[in-house]
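Okay, so here's the structure we're looking at.
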Amino acid sequence: MAARATTATTLPVSGSPVVALYANATMSTSQASPSTAAATRIGSQRLSDRENTDMAAVSQALVEFANSHRQPAAPGIEVVATPRYQVTLQPDFPIAGPNSVAWVRCRGEEAEEVIREARAIIAGRGLPVYWILDPGTEPADFTDHLARHGVALDSEVAVMVLPIHADLRGPRVEGLEMLDGLADPESFRKADDVNSEAFGSASRSFESQERRRKNQVAAGNRRLLLATVAGEPAGSAGLTLFPPAGAIINAGAVLPKFRGRGIYRAMVAARLEMARAAGAEGLTVWGGEMSAPILARLGFQTVGWRRFYLDTSAV
């Protein structure tokens, strides 16, 4: 693989400039109803909690992207797409979420067949998967079919958006730098280790990490922030650009030692600036129980939901 030229970019993420290194890369472009309690939680991000935007400022195009974007195949990401479901597998990222079955759209009498087909695809891969259900899932009682196969609800998230013109600034954090986590194997290892520790997942092998890094570089639209404070890894966060439709942020994590300083906010602000530079309509994210309230305070609006059902049949 040819070496990538890098340029230093200064982002207005804090009171003083924060330096970030990003590789020059061509942007790639593409493109069951919850319980009452769940709906209450997801809908609870009220306008009064939001600091930077109002709902009228969110474009319909961004909302559409957030609710209908389907993961395309990419280096390191296998996709099996059918009219009835989509299976997405990332063997080098062996956790549920990156590995999933989503976009279930079938007749009631086909539900059992869909489950068997999807499980046949993941059989022997040793990967846990989430069945990710959305408001358009058909049939409406698909969860009953999953339950008969021992697949139960694990968690739910709010689909959230932030328009590109949002006025979001990171706080002043002494010694904070935002570095390119894809720049080299060591930077990626540090970013991935932050993610593993923060989310309580197992650390990946060097070989697996390096395959993932090279795949993300090859994709061209992936970005990874490594936040350091006085040179020490403090946080990491991902971004996938799909201009002009939008940009997806994920895996924002801050180590316990550095929490409460505004680093999470700074990483969101940095990614918003990167999406703005790429010409994206705004940011989208799936906000969980802990992150959704924080994201709402940063100005994100809730526009939908997803529910995750854990399937470990292939493990």
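Each reported figure results from applying straightforward, stated rules to the coordinates on display, with no laboratory input. On a predicted model such as this, the values are computed, not experimentally measured, just so you know. Cβ placement follows ideal geometry from the backbone for every residue including glycine, while neighbour counts extend to all protein chains displayed.
To keep it simple, each residue is scored yes or no on (1) in contact with an Asp or Glu (Cβ under 8 Å, 6 or more places away or on another chain); (2) under 14 Å from ARG307 (Cβ atoms); (3) surrounded by fewer than 21 Cβ atoms within 10 Å (Cβ to Cβ).
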residue	(1), (2), (3)
TRP103	yes, yes, no
GLU117	no, no, yes
ALA123	no, no, yes
ASP134	no, yes, yes
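Just one residue in the set ALA280, ALA266 is buried (at least 21 other Cβ atoms within 10 Å of the Cβ) and within 16 Å of ASN221 (Cβ to Cβ); that residue is ALA280. Step by step: first the residues of the stretch 199-229, then only those that are touching a Lys or Arg at 6+ places or on another chain (Cβ under 9 Å), surrounded by 13 or more Cβ atoms within 10 Å (Cβ to Cβ) and hydrophobic (A, V, I, L, M, F, W, C), then the one that is farthest from SER291 (Cα to Cα). Which residue is that? Selected residue: VAL217.
Counting only residues that are assigned to a strand (DSSP E or B) and among the aliphatic types (A, V, I, L, M), which one in the stretch 121-151 is nearest to PRO91 (Cα to Cα)? Steps first, answer last, please.
Keep residues of the stretch 121-151 that are assigned to a strand (DSSP E or B), which gives 129-133, 138.
With among the aliphatic types (A, V, I, L, M) added as a condition, the list becomes 129, 132-133.
Working: VAL129: 11, ILE132: 18, LEU133: 22 Å.
Once the filter is applied, the top-ranked residue is VAL129.
Could you check how many residues of the stretch 274-315 are of a type in the set (Ser, Thr, Tyr) and farther than 17 Å from ASN250 by Cα?
Our first condition is that a residue be of a type in the set (Ser, Thr, Tyr); within the stretch 274-315, this holds for 284, 291, 302, 309, 312-313.
Pick out the ones that are also farther than 17 Å from ASN250 by Cα and you get 309, 312-313.
Number satisfying all stated conditions: 3.
In the stretch 152-244, counting only strands (runs of 3 or more DSSP E) that sit wholly within it, the ones holding 1 or more residues that are closer than 30 Å to LEU310 by Cα span 152-163, 222-229, 232-242.
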